[in-house]
């Protein structure tokens, strides 16, 4: 999840708005989640070449990291995209500090998404 967020950070597409509100069950496997992401881009009419590339890279990253970071991933796993964006913000803050964190790009701020969801 985190790797896909990073890979798509600088892109802007309406499919991001769909993904930001996406929720899934705790036992949803990574392939099913990738299919859900893919479908959002297909329905939006996006060019699937870069989307497929980013999904492939994110899936490969998850497979490589699995043996080394199982505990970390288990503690940080989420069942919705908003929580994943909050986790992404925390990670950036830890890596870069509050003043040097990357600026938000293709994703809206998670706090804004929470407000939108509460109003819905």
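The values are calculated or read from the model by the stated rules, or taken from the named source; none is laboratory data. In this text, all values refer to a predicted model and were calculated from it rather than measured experimentally. Cβ coordinates were reconstructed from backbone atoms using ideal geometry, including for glycine residues, and neighbour counts include every protein chain displayed.
For the reader, a short list of remarks on this structure follows.
- As for the stretch 51-58, it holds no residue that is more than 13 Å from the chain's Cα centre (by Cα), at pLDDT below 95 and outside any helix (DSSP H, G or I).
- Conditions (1) modelled with pLDDT of 90 or more; (2) out of contact with any helix residue (DSSP H, G or I) (no Cβ under 7 Å at 6 or more places or on another chain): number failed by residue 113: (2)
- Residue identified as at pLDDT 85 or above, farther than 13 Å from residue 15 by Cβ and not in a helix (DSSP H, G or I) among 27, 85: 27
- Contact map, the stretch 6-32: residues that are within 19 Å of residue 47 (Cα to Cα) paired with residues that are loosely packed, with under 12 Cβ neighbours inside 10 Å and modelled with pLDDT of 90 or more, Cβ distance under 8 Å, separation 6+ or inter-chain. Pairs shown: 15/43; 18/43.
- Count - residues of the stretch 8-22 that are within 18 Å of residue 102 (Cα to Cα), touching a helix residue (DSSP H, G or I) at 6+ places or on another chain (Cβ under 7 Å) and surrounded by fewer than 18 Cβ atoms within 10 Å (Cβ to Cβ): 0
- Only a single item in (1) farther than 15 Å from residue 5 by Cβ; (2) at pLDDT below 90; (3) not in a helix (DSSP H, G or I) is not met by residue 46, and it is number (2).
- The condition of being surrounded by 13 or more Cβ atoms within 10 Å (Cβ to Cβ), over 17 Å from the mean Cα position of the chain (by Cα) and either farther than 19 Å from residue 22 by Cβ or modelled with pLDDT of 90 or more (or both) does not hold for residue 96.
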